[in-house]
Structure formats: structure tokens, C-alpha cells
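Readers should treat all values here as calculations from the given coordinates under stated rules, not as data from a laboratory. Values in this document were obtained by computation on a predicted structure and should not be read as measured data. All Cβ positions, even for glycine, are placed from backbone atoms using ideal geometry, and neighbour counts span all protein chains on display.
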């Protein structure tokens, strides 16, 4: 596959995203909302660790789709901006979350000047990006984050067999090329980020602070269904 992800690939699922994901993970006995809540809690934890108070953070969500997590995430940050290649998905996100800002992009260059955000995140998006463009995708996220800011990447863990099964049965994951933690860390470092780290998540059901701490402690085993990679933009 060459070029940025085709918007039409995701346009068709603008109104049925949750249903499509729920069908692919039905064998797990949970729905997508569970994973959304878990990942929002982790994002807020990482933002708090970086900035002291997630409520002061201007956050960009790259590849936000229909804004599945935004009802939970927006109240916990200063401001939330989303961007995606799919106009129908962005329209749905903007309708559902009118207090946020949503702008389209072409899958190549983010529509902002340098250093506009405190942090940027992307959740299960990079496996849709052609591998030849992974480096530029990571570099664009780093470009729009201020010095001392944070870049977060949440991705599927290709070492987890249940994850691979879910991806293989998801209708809009036909183009997926899963990338592991080592590759993602290298991409973030190649984008000029420092203090690059990653860890698996969802090794156990993290339903509160205690179980989240246990889940993170198990992260070095790379057993979790997904992982979080992070890097800091070089301080000025």
C-alpha cells in the first residue's frame, strides 16, 4: 500500500465504528467502551506524570476518528483537538463534542505550525499508516508539540495472540501492519524525542488505581493486549 491511508477506508465506518470493533472483540466478553475507559485513564496518568496536572494540558489526538474517547478525555484536560483523514468521522466527532476543535489533515502534514500543543497522542492508528510513512508520521507528531512536551503512541501488541485474532477479524483492519514496541521506540527516537520508553498494558483488567499499577508493573513482560510508547520533545 502506497500513500496515506485512504479516507474512504474509514468513511464507511463513521456511524458504525463501535459496532465493527465490538464484533471483532466479542470473543473477549467485553465491549470497546471498556478499552476506551482504560486507555483514557492511562493517558491521563502519563500526562499527569509529565506535567503535574493533566488539567493544564492542550492535547492533540491524531487519527481521532469519531472521537470515541473524547467524552471521557476532554473533561480531564485543558483543551482537546482532534484530526483525522476522514471528513465524515470528524463531522461525527464535532457533532458529538462541540466544545472540542476538529480539523482534517491529508495524512502527510498536520495542519498546525510547530510547537502548538503540550502533548500529542495517537491510539491504534499507526498500524493503518503505510510502514514507509511511519517515520514521517512520528516526526509530524513531534513537530507540533512544544519543547518539553509529550508524544504518546498506543498500539496493538503483535506478541499477544488474542490481539492478533481481534485485528484479523476487524473489518477496517484489513490493511493493518502491526508494529512492536521496539520499532515504535525507534521511530520516536528517530523523530528526535528523548526519554523514550514503552510498556505493555492490558495484561490484566486494570479497573482502578491498584490494578493499573499492577498492570503497568507487568508491562515489561510484553504480554498485554496493547502497549504505550512515550517520548519527550527535547526541552528548550
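Numerical summary
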item: Three-way shape call for the range 79-214 based on the alpha-carbon gyration tensor, with the a/c threshold at 1.5; result: rounded
item: Relative contact order, percent, the chain [alpha-carbon distance under 8 Å, six or more residues apart]; result: 18 percent
item: Residues 168, 136, 69 arranged by fewest to most Cβ contacts within 10 Å; result: 168, 136, 69
item: Length gained when the stretch residue 234-residue 34 is fully extended (0.36 nm per residue, less Cα-Cα span); result: 68.6 nm
item: Global geometry of the chain, whether rounded, prolate or oblate, following the gyration tensor of its Cα atoms and the 1.5 cut on a/c; result: rounded
item: For 42, 105, order by how many other beta-carbon atoms lie within 10 Å, fewest first; result: 105, 42
item: Residue order, fewest to most beta carbons within 10 Å, for 123, 56; result: 56, 123
item: Computed helical MRE - 222 nm, the chain, DSSP H runs ≥ 4 contributing -39500 (n - 2.57), nearest 500; result: -10500 deg cm²/dmol
item: Nitroxide proxy distance, nm - points 7 Å out along Cα→Cβ at residue 204 and residue 162; result: 1.4 nm
item: Virtual spin-label span in nm between residue 96 and residue 109, 7 Å along Cα→Cβ; result: 3.1 nm
item: Sites residue 213 and residue 72, calculated FRET efficiency, Cβ-Cβ separation with R0 25 Å, nearest 0.05; result: 0.80
item: Calculated FRET value between residue 223 and residue 56, using beta carbons and R₀ = 22 Å, to 0.05; result: 0.05
item: Extension reserve of the residue 197-residue 132 stretch, reckoned as 0.36 nm per residue once the Cα distance is removed; result: 21.2 nm
